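Engineer: What follows is a single structure, and I will ask about it in a moment.
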Amino acid sequence: MKPLYLLCAAWILLISCQPSTDDKNGTSNIITQETKDRIDSTLNAFVNSGEAAGVSALIFEKNKEVYFNAYGLADKESGIAMDRNTIVRIFSMTKPITGVALMKLHEQGAFNLDDPISKYAPEFADVKVFTGVDGAGKFILVPAKRQITIRDLTRHTAGFANPDHPHLGVLVNETDAMNKNNTLAEMAKKLATIPLSFHPGEQWSYGISVDVQAYLVERISGESFEEFVKKNILNPLAMSNTRYVVPEAHMQKFAALYHRGDNGQISKVPPEMANDFNIQEWPLKPGGFGLTSTLDDYMKFAQMLVNEGKHNGTSILKEETVRLMATNHLSDSVTERMWLPGKGQVGFGIDFAVRLRPPATSEENNGTVGEFFWDGAATTLFWVDPKNELTAVFFVQVMPFYGKFHKKFRDAVYGNYRQDAVASK
């Protein structure tokens, strides 16, 4: 018989080799010490490579903080460290907040998703669709097959033209609907004069739709969009560092913005350009971009979503509303999807991408089926993983959007998902 102390040692070794589990339901945890080490190495490499000045990440699992770290500098030239309290421009991570604001009104029965937006914004009642140019170079316009619905706004199928459209782009730029001196009402009035680039519901094209959502929040609620968001989301969640304008007293915490050149190295965007929208009040309070935030603030928002509308005893949305937002609303008939397929095996819900299938190859972005997420132009990212009760927020300030960071960060969190399976095919 082996000595008792050897049996005890073997038992301890066996226990220590088991995956960590949650006491509540016995499921394996994603964020182990090995995972933390992998994330640390990944984030540090972003800075050491010169591709980022500073990065940070915060992860919660099963309602507990399981990872935080920051590397590098929020402002390289000023020597200010990236840390937990760094304020960043979240750009399009503003959009999910706008979606939640709109869906607060949906819960109150104020509208149906398939209502035409013209019911609340009459300027969009008679939209025309561009189908080409005639021999004289004039636009060929036809009536839309159907009106733009609120659902079209929430899933980017409205048909609004983008500035890079080969024909309508000039008109988009001349109209300048998103000029920061426009109110949302003025933005909508100008936007409604531009022909659509396709019939509503027929394509997925990312753009101004969420700013129109913000306008609808104003029209339906009778309040300014900014005040509605403060009253119904930011204040109840105690997101006190999320706002359009960074106070002078907090400017030391405001990260610099960097441009990544063709050589992969970064250079600081002049502050007068990087900070123009966020250091003074402008009439435009967009729904699609413009907010600044901190890791902890945005994590409160993500935690509310993973907990199906509630956070720390505060209810923002109903469970069924969050589930509706996290459900794919794109039919298979929508085959033109711009760059959305570059996000992986995803569809689109209400202001979130929704993961439908595991990665098809090891080159695709990693993640769990059922996850919903979005990102920002300066390469910020967040996701909500209901299956593992995990939420992640990743901050960096690098433009143009650099998807490599997201791929590597996701792999660090989940491991090299499905790579063995893919290699064996």
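FYI, it's all coordinate maths here, none of it is from the lab. Computed from a prediction, not measured in an experiment: that's the story for all the values here. Cβ placement follows ideal geometry from the backbone for every residue including glycine, while neighbour counts extend to all protein chains displayed.
Engineer: List, in order, the whole-Hz ³J(HN,Hα) value for each residue of region 72-81 obtained from phi through the Karplus relation with A = 6.51, B = -1.76, C = 1.60 and θ = phi - 60°; use x for Gly and Pro.
Structural biologist: Ordered by residue, 3J(HN,Hα) equals x, 10, 5, 9, 4, 6, 9, x, 8, 5 Hz.
Engineer: Quick one: Debye curve from the C-alpha atoms of the chain, no solvent, what's log10 I(q)/I(0) at q = 0.06, 0.08, 0.13, 0.14 Å⁻¹?
Structural biologist: Taking Cα atoms of the chain as identical point scatterers yields -0.27, -0.47, -1.19, -1.37.
Engineer: Mind checking the dipole of region 112-221: about its Cα centre, +1 per Lys or Arg Cβ, -1 per Asp or Glu Cβ, Debye to the nearest 20?
Structural biologist: That gives region 112-221 a dipole magnitude of about 160 debye.
Engineer: Okay, moving on. Near the amide H of Ala161, under 5 Å away, which other amide H atoms are found, from residues 5 or more places off or on another chain, if H is placed in the peptide plane?
Structural biologist: Answer set, sorted by chain and number: Ser197.
Engineer: Go through 145-151, 271-277 and give me the packing order, highest mean Cβ count within 10 Å leading. Before the final figure, lay out each step's value.
Structural biologist: Details: 145-151: 18.4, 271-277: 14.4.
Packing proxy ranking, top to bottom: 145-151, 271-277.
Engineer: Still on this structure, please answer the following. Which of Val127, Val246 has the fewest other C-beta atoms within 10 Å, and how do the rest follow up to the most?
Structural biologist: Val246, Val127
Engineer: Continuing with this model, one more query. Relative to the longest principal axis of the C-alpha atoms of the chain, give the angle of the C-alpha long axis of helix 295-306, reported between 0 and 90° and rounded to the nearest 10°.
Structural biologist: 90 degrees
Engineer: Okay, helix-only estimate at 222 nm for the chain: each DSSP H run of n ≥ 4 adds -39500 (n - 2.57), divide by all residues, round to 500 deg cm²/dmol; what do you get?
Structural biologist: -8000 deg cm²/dmol
Engineer: Placing +1 on the Cβ of each Lys and Arg and -1 on the Cβ of each Asp and Glu in region 112-221, which of Ala161, Val129, Thr183 has its Cα farthest towards the positive end of the resulting dipole?
Structural biologist: Val129
Engineer: Further, regarding this structure: Which aspartates and glutamates, on any chain, are close to Lys268 with Cα under 18 Å apart, when same-chain ones fewer than 8 places away are left out?
Structural biologist: Glu51, Asp75, Glu77, Asp276
Engineer: Only sites in a loop by DSSP and with at most 13 other Cβ atoms within 10 Å count here; which GluC sites (Glu not before Pro) in region 324-395 make the cut?
Structural biologist: Answer in residue order: Glu363.
Engineer: Quick check on the chain: of the DSSP beta bridges with both residues there, what percent are antiparallel, nearest 5%?
Structural biologist: For the chain, the DSSP antiparallel bridge percentage is about 90.
Engineer: Among Lys95/Lys190; Lys343/Lys407; Lys310/Lys387; Lys95/Lys189; Lys62/Lys230; Lys104/Lys189, which pairs are too far apart, with a Cα-Cα distance over 19 Å?
Structural biologist: Result: Lys95/Lys190; Lys95/Lys189; Lys62/Lys230; Lys104/Lys189 exceed 19 Å.
Engineer: What list of whole percents do you get for P(r) of region 240-328, with Cα-Cα distances grouped in 5 Å bins up to the one holding the largest distance?
Structural biologist: Bins of 5 Å from zero give 3, 11, 16, 16, 16, 14, 12, 9, 3, 0 percent of pairs.
Engineer: What is the order of Thr368, Thr154, fewest Cβ neighbours within 10 Å to most?
Structural biologist: Thr368, Thr154
Engineer: Whose amide H sits under 5 Å from the amide H of Phe348, counting only residues 5 or more places off or on another chain, with H placed in the peptide plane?
Structural biologist: His329, Leu330, Val354
Engineer: Semi-axes, largest first, in whole Å: what does sqrt of 5 times each Cα gyration tensor eigenvalue give for region 277-425?
Structural biologist: 26, 19, 17
Engineer: Another question, then. Exposure proxy check: Phe139, Phe111 ranked by fewest other beta carbons within 10 Å?
Structural biologist: Sorted ascending by nearby Cβ count, the order is Phe139, Phe111.
Engineer: In addition: Which of rounded, prolate or oblate describes region 209-279 when judged by the alpha-carbon gyration tensor and an a/c cut-off of 1.5?
Structural biologist: Because a/c hits 1.5 or more and a/b exceeds b/c, region 209-279 counts as prolate.
Engineer: Also, I was wondering about something else. Among Val55, Thr35, Gly309, whose Cα sits farthest toward the positive end of the charge dipole of the chain (+1 at Cβ of Lys/Arg, -1 at Cβ of Asp/Glu, about the Cα centre)?
Structural biologist: Of Val55, Thr35, Gly309, it is Thr35.
Engineer: Can you find, among Ala70, Tyr414, Ile148, the residue sitting farthest towards the positive end of the charge dipole of the chain, where Lys and Arg contribute +1 and Asp and Glu -1 at Cβ?
Structural biologist: Looking along the dipole axis, the top candidate is Tyr414.
Engineer: Based on the Kirkwood radius over alpha-carbon pairs, what value in µm²/s does the Stokes-Einstein equation return for the translational diffusion coefficient of region 112-221 at 20 °C and 1.002 mPa s? Working shown, then result.
Structural biologist: Numbers: Rh = 14.0 Å.
Stokes-Einstein gives a translational diffusion coefficient of 153 µm²/s.
Engineer: Moving on to the next point. Between region 260-315 and region 69-111, how many Å separate their Cα centres?
Structural biologist: Computed from Cα coordinates, the inter-centre distance equals 3 Å.
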